[in-house]
Structure formats: structure tokens, C-alpha cells
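Participant: Can you read through this structure? Questions will come right after.
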Amino acid sequence: MKRRLIITLVALAIVSTGTLVALSRQQGAASREAAAAAPTAAEAVVAAPGRVEAISEEVKVSAEIGGRLAAVEVEEGDHVAQGKVLARLENADYLARVASAEAALRQREAELRRVVNGARAQERREARADAQAAEAVLENARVEMERRMTGYGQGVFAKEEADRAEREYGVAKGRYEAAKERHDLVEADAREEDRSRAEAAVALARAQLDEARAWLEKTFIRSPLAGTVLRKHRRAGESVSTQFDSPIVTLADDSTRRVRVDVDETDVGKIAVGQRAYVTADAFPGQKFWGRVVRVGRLLGRKNVRTDEPTERVDTKILETLVELDSGRELPLGLRVDAFIQVSPPRP
């Protein structure tokens with residue numbers, strides 16, 4: 001019995017010793033990771049929480065006009081170039097407006113050409129022939145009138161015949177003058193006011209066409225920048241409106257990462273553009289991601305990043321500071337990190 005008790009006590013001692021060794025190893029590893037991530041005593045740094053974002057920040061892309069989505073051309077994670085069509089609204093009515101405006105412009109341009117060019121060659125020849133025929137009739141009527149007037153004076157013709165010949169000459173003269181006026185009108189250049197009126201009609205039709213095309217273009221939602229689709233908020237068949245916020249996709253230029261840091265108001269006097277900085281994250285233990293301060297805010301405000309620490313003060317004012325990370329490994333957008341800004345170079 002006594003022997004069993006001794007064996008049991010020895011076994012318990014061995015297990016306890018192994019447990020203590022394992023715990024000691026875990027604590028040592030954790031201490032090494034913390035020491036690698038935390039600033040050394042030789043460094044003068046300002047520590048503050050931050051959040052990773054894209055260099056362009058997030059851009060919510062909406063439609064300029066209301067309507068129903070015919071298609072959304074991208075998916076989350078797609079890389080898009082600036083100007084690429086992201087989505088398209090149903091636009092059959094806008095296409096019809098463009099076609100109508102194009103037809104109206106062609107009509108106005110034809111009217112302007114007619115004013116500028118004047119009558120056609122066939123109309124010019126016809127007017128000339130009519131004037132020549134009227135002139136020949138007039139000449140015959142004049143000769144006949146003179147003959148009858150002379151014969152009336154000699155007593156050969158009665159007065160009625162002389163009067164009739166004179167009337168026929170007057171009619172022929174009127175017809176000749178009308179034909180001549182028409183011929184002159186056909187041959188004359190366009191009047192300045194007629195040409196100006198036709199040119200104004202063309203300009204108005206062209207402006208209406210440009211307007212119709214501009215409205216049609218608004219049915220194509222294009223990317224305002226080159227970047228990555230972070231969120232897809234709408235699907236084909238859904239409606240969008242300008243009366244309320246209805247983004248279709250959210251984009252960001254994630255070619256460069258930066259961190260928006262909440263610097264405590266007590267440390268704002270130590271921060272300056274160009275200072276080196278690095279960030280650490282729980283998701284990447286023991287790693288430092290280096291960068292440089294590229295912008296320091298000018299207005300204190302409320303905190304953007306909460307650390308969820310019980311002792312955190314929420315009423316403290318902060319100054320937003322942007323740290324642009326060096327190129328290399330990409331941190332996930334929106335990741336919460338701890339930033340350390342070197343306010344003086346490390347001591348040797």
C-alpha cells in the first residue's frame with residue numbers, strides 16, 4: 001500500500017513537471033513574439049491604433065439617373081481599368097431618342113445645303129427656257145401690235161383690232177417679266193438671313209443630338225478609377241434611384257496600402273510628414289510592415305478605430321494621420337493594426 005502511494009506521488013510529480021515545462025515554453029515563445037513586434041526601449045515612437053485602407057479610399061459608384069439595371073458586368077475581386085463599364089441600365093428609350101435626333105440633324109443639314117447650293121441645274125435650265133420663250137412671245141406681240149397700229153392709222157384695220165393687239169402685247173410683256181424674275185431668283189445666291197436661319201437650325205439639331213447621346217451615356221456606369229471591386233451591392237433587374245443612396249459597386253485603388261492612424265491629441269506635436277513608421281497586426285504575429293507618414297490632419301476629431309480595451313477612453317480627441325506602407329506584402333483592407341511612428345531615429 002505504501003509502495004503504491006509512493007509510485008502515484010512520483011507520477012504526479014512527473015506530470016506536473018512536464019506541464020510546467022510546456023507552459024514555460026509557450027510563455028517564452030509569446031514573449032519573443034511580443035518582443036519582436038513591440039518597439040525597443042531605444043526607440044522613441046508614438047503608438048496609436050489604425051486601420052488599413054486603399055490609397056484611393058473606398059469609392060461607391062452609383063448611377064447618375066434612375067432606372068432598372070440590365071446587367072452588372074463585374075464581380076467582387078475583379079480588377080478594372082478606368083472607364084470600364086461596370087453596369088448598364090435598360091436604355092431602349094434613350095437609344096430611340098438618339099436615332100430621332102440623328103434623323104432631325106440630317107434633315108436640317110439637307111435644308112442648309114439646299115439654301116447654300118440654290119436651285120438644281122434642271123430648275124435653272126427650265127427657268128432660262130421659260131424666260132426665253134416669254135421673250136419670243138413678247139417680241140411677236142410687239143411686232144403684231146405695231147403692224148395693226150400702223151394699219152389702223154392708214155384705215156386698213158379697225159380700232160378694235162388695234163386695241164386687241166395692244167392688250168395682247170401687254171399680257172405678253174407681263175408674262176415675260178414674271179419669267180425673267182423667276183429666272184433671276186433661281187440664279188441668285190442665297191440671302192444672308194436665309195443661310196443664317198438654316199445654319200442655326202443645324203446647330204440646334206446637333207446640340208439636341210449631343211444631349212440625347214449624353215443621356216444615353218449615363219445609362220452606362222463606368223469605373224472612375226483603376227482598382228478592385230470590393231463590394232457588389234446590386235444585381236441585374238434591381239432598380240436604382242437618385243432620390244436615395246443606392247450604390248451599385250464599391251471600388252478602391254488598392255495598388256498601394258496605407259493606414260489611417262488615430263494619433264492621440266497629447267502626441268500630435270510629435271508627428272510630422274516623412275517620419276518612418278511600422279504597423280503590426282494580430283493576424284501576422286512577429287511581423288512589422290514599414291512605411292512613412294504622408295499626411296497629417298489639421299483638425300482634431302472623434303476616434304475612428306476602437307481597440308475594445310476596457311481601459312480605452314472614448315472621449316479623447318484624435319488627429320488623423322496617414323501612413324503609406326512600403327510595397328510588398330498586401331495587408332487586407334479594413335484590417336485593424338497597431339501603428340508605431342518613429343518621432344526620433346533609434347539610438348545606436
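Participant: Show me, for the stretch 191-205, the HN-Hα J-couplings you get by feeding each phi into the Karplus relation (A = 6.51, B = -1.76, C = 1.60, θ = phi - 60°), rounded to Hz, glycine and proline as x.
Facilitator: Once θ is set to phi - 60°, the couplings for the stretch 191-205 become 5, 4, 5, 5, 5, 4, 5, 5, 5, 5, 5, 5, 4, 5, 5 Hz.
Participant: Let me ask something else. Would you mind working out the magnitude of the charge dipole of the stretch 218-260 relative to its Cα centre, with +1 at each Lys and Arg C-beta and -1 at each Asp and Glu C-beta, to the nearest 20 Debye?
Facilitator: Details: 9 positive and 4 negative charges, 20 e Å.
The dipole of the stretch 218-260 has a size of about 100 debye.
Participant: Magnitude of the Cβ-charge dipole of the stretch 65-142, K/R +1 and D/E -1, about the Cα centre, nearest 20 debye?
Facilitator: On the way: 13 positive and 14 negative charges, 104 e Å.
Approximately 500 debye in magnitude.
Participant: Let me ask something else. Just to confirm a number: summing +1 for Lys and Arg and -1 for Asp and Glu over residues other than residue 233 whose beta-carbon lies under 13 angstrom from that of residue 233, what do you get? Numbers along the way, then the final one.
Facilitator: On the way: positive: 60, 231, 232, 234, 235; negative: 58, 75, 76, 238, 245.
So the surrounding residues net to 0.
Participant: For the stretch 103-113, take each phi angle, set θ = phi - 60°, evaluate the Karplus expression 6.51 cos²θ - 1.76 cosθ + 1.60, and give the result in whole Hz per residue in order, putting x for glycine and proline.
Facilitator: Result, rounded to whole Hz: 5, 4, 5, 4, 5, 5, 5, 5, 5, 5, 4.
Participant: Tell me, what is the 1.4 Å probe accessible area of residue 325, in Å² to the nearest 10?
Facilitator: For residue 325, solvent-accessible area is about 20 Å².
Participant: Where does each of 327, 241 land when they are ordered by accessible area, with a 1.4 Å probe and the largest first? Walk me through the numbers before you get to the answer.
Facilitator: Values: 327 120, 241 30 Å².
Order by accessible area, largest first: 327, 241.
Participant: What ³J(HN,Hα) values, in whole Hz, does the Karplus curve 6.51 cos²θ - 1.76 cosθ + 1.60 give for the stretch 54-62 when θ = phi - 60°, with x put for Gly and Pro?
Facilitator: 7, 5, 8, 6, 8, 10, 8, 9, 10
Participant: Let me ask something additional. Around residue 222, which amide H atoms from residues at least 5 apart in sequence, or from another chain, sit under 5 Å from its own amide H, with H modelled in the peptide plane?
Facilitator: The answer is 86.
Participant: Using a 1.4 Å probe and counting only protein heavy atoms, arrange 273, 229, 294 so the residue with the most accessible area comes first.
Facilitator: Sorted descending by solvent-accessible area, the residues read 273, 294, 229.
Participant: Provide the net charge surrounding residue 94, with neighbours chosen by a C-beta distance below 15 Å and charges set as Lys +1, Arg +1, Asp -1, Glu -1. Show your work: numbers first, answer last.
Facilitator: On the way: positive: 68, 88, 97, 213, 218; negative: 64, 90, 93, 102, 210, 211, 217.
Here the count lands on -2.
Participant: Set Lys and Arg Cβ to +1 and Asp and Glu Cβ to -1, take the dipole of the stretch 127-236 about its Cα centre, and tell me which of 225, 127, 178 lies farthest positive.
Facilitator: So the residue we want is 225.
Participant: Sticking with this one: For residue 239, what accessible area in Å² do you get when you roll a 1.4 Å probe over the heavy atoms of the protein chains, rounding to the nearest 10?
Facilitator: 70 Å²
Participant: Moving on to the next point. Return, ordered by residue number, the residues of the stretch 195-231 whose backbone nitrogen is under 15 Å from a label point located 7 Å along Cα→Cβ of residue 111.
Facilitator: From the stretch 195-231, the list is 195-209.
The values are calculated or read from the model by the stated rules, or taken from the named source; none is laboratory data. Just so we're clear, the structure is a prediction, and the values are computed from it rather than from any experiment. Every residue, glycine among them, receives a Cβ derived from its backbone with ideal geometry; neighbour counts consider all protein chains shown. Side chains included, ligands, DNA and RNA excluded: accessible areas come from the protein's heavy atoms. Shrake-Rupley method; radii C 1.70, N 1.55, O 1.52, S 1.80 Å.
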